[in-house]
Each structure stands twice: as C-alpha cells, then as structure tokens.
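**Student:** Handing you this structure, nothing more for now.
The values are calculated or read from the model by the stated rules, or taken from the named source; none is laboratory data. Values in this document were obtained by computation on a predicted structure and should not be read as measured data. FYI the Cβ positions are ideal-geometry reconstructions off the backbone, even for glycines, and counts take in every protein chain you see. Side chains are part of the model used for accessible areas, which takes the heavy atoms of the whole protein and leaves out ligands, DNA and RNA. Shrake-Rupley method; radii C 1.70, N 1.55, O 1.52, S 1.80 Å.
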Amino acid sequence: MTTKIVIIDDHQLFREGVKRILEFEPTFEVVAEGEDGSEAITLVEQHEPDVIIMDINMPHMNGVEATAELIQKFPESKVIILSIHDDENYVTHALKTGATGYLLKEMDADALVEAVKVVADGGSYLHPRVTHNLVKEYRRLSADEDNPDKYIPQVEIRRPYHLLTRRECEVLQLLADGKSNRGIGEALFISEKTVKNHVSNILQKMNVNDRTQAVIVAIKNGWVDVR
C-alpha cells in the first residue's frame with residue numbers, strides 16, 4: 001500500500017533532499033511539494049496525502065499556523081514538523097496544534113523514513129533529542145512547589161525484567177537518554193538493524209505505538225533512570 005506524502009519547505013535544496021530520501025522507499029510516493037504554509041492547505045485538498053512533512057519556519061504562514069488550519073479543515077491530517085529547534089516550547093506548541101511528529105533537520109535518512117512510517121500507521125514520532133528534552137521538562141514540572149529548581153528525588157530504578165530481556169532494558173534506558181538508533185548501536189556495540197529489532201520488540205511487549213510512548217510509560221513506572 002502506497003503512502004502519499006506532501007512536502008512543504010521554503011528551501012528548495014533541502015526539500016529535494018528530503019524527497020530523494022523518501023523516494024528510495026518503494027511504498028512512499030511524494031505527490032506534491034510547496035514552499036509556504038498557505039500552499040499546504042491547497043495541496044492537501046488536491047492530493048489527500050497520508051502524511052504532510054512541514055517546515056516550522058516559513059514566510060507568510062509558518063508550519064505551526066498551517067498545521068492548525070489543516071487540522072481544522074482536515075481533522076485526519078497527519079503532520080510531521082521539521083525544525084532546527086529542540087526547545088520543548090517549540091515541540092509542545094507544535095504537538096498541541098495537532099502535529100503528530102517532530103523531527104530536527106539534523107535527522108538522518110533512517111529517522112525520516114521511520115517517522116513517516118510510524119505517523120502513517122497512526123503513531124507519533126519525536127526526534128530522540130527532543131524526547132530527552134521533554135523528559136527533562138517532565139521532571140522539572142514534577143519538582144517540589146516550594147523549591148521549583150529542585151527535582152523530585154529519583155525513585156529506585158526497577159528494571160522491567162518481568163517484561164523485557166536484559167538487552168531490551170538497556171535499549172529502553174538509551175531511548176530515555178535520547179539516543180538515536182545509531183547512538184544506541186554505538187553504545188552497545190550492535191548494528192542498527194539489531195537495534196531496530198530490539199525497539200520493535202519493546203514496543204510490542206509494552207503494548208505502545210512508538211518509542212516516545214515507551215519512554216513515558218517507562219518513566220511513570222520507574223523503569224529508567226532520568227538523568
């Protein structure tokens with residue numbers, strides 16, 4: 001089954017690079033491109049894509065504004081925001097507007113492909129470093145009200161060996177640390193393909209749709225150390 005994609009980015013060279021990566025996937029089809037948020041509305045109406053990849057910073061109408069209008073007109077739209085900003089304020093604003101993915105422009109090809117697949121299947125996808133920053137913000141918001149700069153002491157870490165293998169627990173911890181698949185592979189001296197298999201097993205065993213949900217569940221259950 002083909003996944004139809006629209007790319008919206010005002011930098012033509014970057015847009016062409018993204019398109020080239022996506023078209024290596026036999027099930028992906030880039031059906032339209034645009035360079036401004038206002039174009040996104042028209043292109044989505046014309047082509048009914050499965051996924052819209054949207055730059056956050058564009059003239060006339062930025063990616064967040066365009067996403068808000070898209071969701072209002074086409075509630076089933078699945079938008080992945082592209083950004084150079086990893087600040088949690090940018091991320092949370094984009095997600096509250098209706099985006100289901102957030103990628104940093106420094107992403108590698110594998111992350112882009114994985115993000116499109118996850119979002120097209122109904123999940124959400126955040127760049128690993130963005131996930132780590134949100135984890136830190138989660139801890140900040142959980143701080144003692146009388147001392148907002150103080151974190152709640154970390155509870156005793158209880159690895160979920162009843163659910164995951166020892167290696168999968170190591171991978172889960174590295175996901176919480178904000179590591180990409182490549183970074184996890186380098187840390188554990190295993191291939192990226194093996195990492196992908198571990199992540200897939202973790203998601204299945206934890207009954208979650210994506211790595212972000214896995215990290216959130218792990219934090220709530222005290223399965224990972226939030227540094």
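**Student:** Of the residues LEU103, LEU70, LEU13, LEU43, only one is within 22 Å of SER200 (Cα to Cα) and either of a type in the set (D, E, K, R) or modelled with pLDDT of 90 or more (or both); which?
**Tutor:** Values: LEU70 fails: within 22 Å of SER200 (Cα to Cα); LEU13 fails: within 22 Å of SER200 (Cα to Cα); LEU43 fails: within 22 Å of SER200 (Cα to Cα).
Just one listed residue meets the conditions, LEU103.
**Student:** Name the helices (runs of 4 or more DSSP H) wholly inside the stretch 166-227 in which the number of residues that are among the basic types (Lys, Arg) and open to solvent by less than 40 Å² (accessible area, probe 1.4 Å) is 1 or more. Show your work before the answer.
**Tutor:** Details: elements: 166-176, 181-188, 192-206, 211-220.
Because the criterion is at least 1 residues that are among the basic types (Lys, Arg) and open to solvent by less than 40 Å² (accessible area, probe 1.4 Å), the helices (runs of 4 or more DSSP H) in the stretch 166-227 that meet it are 211-220.
**Student:** Please work out if VAL6 is surrounded by 23 or more Cβ atoms within 10 Å (Cβ to Cβ) and at pLDDT 90 or above.
**Tutor:** On the way: surrounded by 23 or more Cβ atoms within 10 Å (Cβ to Cβ): yes; at pLDDT 90 or above: yes.
Taking the combined requirement at face value, the residue satisfies it.
**Student:** May I pose another question? Given the conditions (1) under 21 Å from LEU22 (Cα atoms); (2) open to solvent by 10 Å² or more (accessible area, probe 1.4 Å), report the number of the one that HIS93 does not fulfil.
**Tutor:** Exception for HIS93: condition (1).
**Student:** Still on this model: So which residues in the stretch 194-213 are at pLDDT below 90 and on the phi > 0 side of the Ramachandran plot?
**Tutor:** none
**Student:** Which of the residues spanning the stretch 37-60 are crowded, with 18+ Cβ neighbours inside 10 Å and part of a loop (DSSP other than H, G, I, E, B)?
**Tutor:** PRO49, ASP50, ILE56, MET58 - these are the residues of the stretch 37-60 that are crowded, with 18+ Cβ neighbours inside 10 Å and part of a loop (DSSP other than H, G, I, E, B).
**Student:** Follow-up question, since we're still on this one. For the stretch 42-52, indicate whether the set of residues that are assigned by the TED database to the domain that holds HIS11 and under 14 Å from the mean Cα position of the chain (by Cα) is non-empty. Step through it out loud before you land on a result.
**Tutor:** Within the stretch 42-52, the subset assigned by the TED database to the domain that holds HIS11 is 42-52.
In the following step, the residues that additionally are under 14 Å from the mean Cα position of the chain (by Cα) were identified as 51-52.
Looking for residues that are assigned by the TED database to the domain that holds HIS11 and under 14 Å from the mean Cα position of the chain (by Cα), one finds at least one in the stretch 42-52, hence yes.
**Student:** Shifting gears a bit: Can you pull out the residues in the stretch 152-165 that are modelled with pLDDT of 90 or more and either under 17 Å from the mean Cα position of the chain (by Cα) or open to solvent by 70 Å² or more (accessible area, probe 1.4 Å) (or both)?
**Tutor:** Applying the first criterion (modelled with pLDDT of 90 or more) to the stretch 152-165 yields 159-165.
ARG159, TYR161, HIS162 - these are the residues of the stretch 152-165 that are modelled with pLDDT of 90 or more and either under 17 Å from the mean Cα position of the chain (by Cα) or open to solvent by 70 Å² or more (accessible area, probe 1.4 Å) (or both).
**Student:** Which one of the conditions (1) open to solvent by less than 60 Å² (accessible area, probe 1.4 Å); (2) farther than 15 Å from SER124 by Cα; (3) free of Cβ contacts under 8 Å to residues at least 40 places away in the same chain does GLU88 fail to meet, given that it meets all the rest?
**Tutor:** (3)
**Student:** Here's another thing I want to ask about it. Please go through the stretch 119-143 and give me each residue that is farther than 18 Å from ALA176 by Cβ, modelled with pLDDT of 70 or more and among the aliphatic types (A, V, I, L, M), ordered by number.
**Tutor:** Answer for the stretch 119-143, where residues must be farther than 18 Å from ALA176 by Cβ, modelled with pLDDT of 70 or more and among the aliphatic types (A, V, I, L, M): VAL119, ALA120.
**Student:** Out of GLU29, GLU25, GLU33, GLU65, I need the residue that is surrounded by fewer than 23 Cβ atoms within 10 Å (Cβ to Cβ) and assigned to a loop (DSSP other than H, G, I, E, B). Which one? Quick ask: steps written out before the conclusion?
**Tutor:** On the way: GLU29 fails: assigned to a loop (DSSP other than H, G, I, E, B); GLU33 fails: assigned to a loop (DSSP other than H, G, I, E, B); GLU65 fails: assigned to a loop (DSSP other than H, G, I, E, B).
Answer to the check: GLU25.
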